[in-house]
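A.B. asks: Can you read through this structure? Questions will come right after.
The values are calculated or read from the model by the stated rules, or taken from the named source; none is laboratory data. Here the structure is a predicted model, which means the values were calculated and not measured. For neighbour counting, all protein chains shown are included, and Cβ atoms are generated from backbone atoms with ideal geometry for every residue, glycine included.
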């Protein structure tokens, strides 16, 4: 059993950290991903001997791995629903890059502006989440759930 580390002693702490780092070993290298290969086979109906089954392997290119309902579709070719999804995605990416501050948001801003222009050209309004209406039933449910206390609510009413 190893001795206890004194966190008030910098030398003791440094030696323990060094021992831990050497015990964990070297950093693992990330392996190159295997190519995605699809086995294709079909029965020829002409040009080759009719009825002959031809099989071959096809390696799917990396660019075909794009995910998402609107990936690879030009803005002008999108349907109204796809354009709204693209606007929402572009707005999210722009907000996140702007908030992070580590990268230049100009590319994300250009994508967002292109979506806005296309939506404006077609007369589509961006959708927004509607605010929930607060009524007595909503407040009662919040009190039942324990998210609001009656005493705090009364204190706020009395304060005004």
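A.B. asks: Under 6 Å by Cβ, and 6 or more places apart or on different chains, what pairs join a residue from the range 92-105 that is on the phi < 0 side of the Ramachandran plot and free of Cβ contacts under 8 Å to residues at least 12 places away in the same chain with one that is assigned to a loop (DSSP other than H, G, I, E, B) and surrounded by 10 or more Cβ atoms within 10 Å (Cβ to Cβ)?
C.D. replies: As it stands, the answer is 97/103; 97/105; 98/105, since those pairs meet every condition given.
A.B. asks: Among the numbered criteria (1) without any contact (Cβ under 8 Å) to a residue 40 or more places away in the chain; (2) surrounded by 10 or more Cβ atoms within 10 Å (Cβ to Cβ), which one does residue 83 miss?
C.D. replies: Looking at each condition in turn, residue 83 falls short on (1).
A.B. asks: Residues that are modelled with pLDDT of 85 or more and either touching a strand residue (DSSP E or B) at 6+ places or on another chain (Cβ under 6 Å) or within 30 Å of residue 33 (Cα to Cα) (or both), at least 2 per element: which helices (runs of 4 or more DSSP H) completely within the range 43-160 meet that? Even if it seems obvious, please write down each step before you answer.
C.D. replies: Details: elements: 80-100, 106-122, 136-145, 150-159.
Where helices (runs of 4 or more DSSP H) fall fully within the range 43-160 and carry at least 2 residues being modelled with pLDDT of 85 or more and either touching a strand residue (DSSP E or B) at 6+ places or on another chain (Cβ under 6 Å) or within 30 Å of residue 33 (Cα to Cα) (or both), they are 80-100, 106-122.
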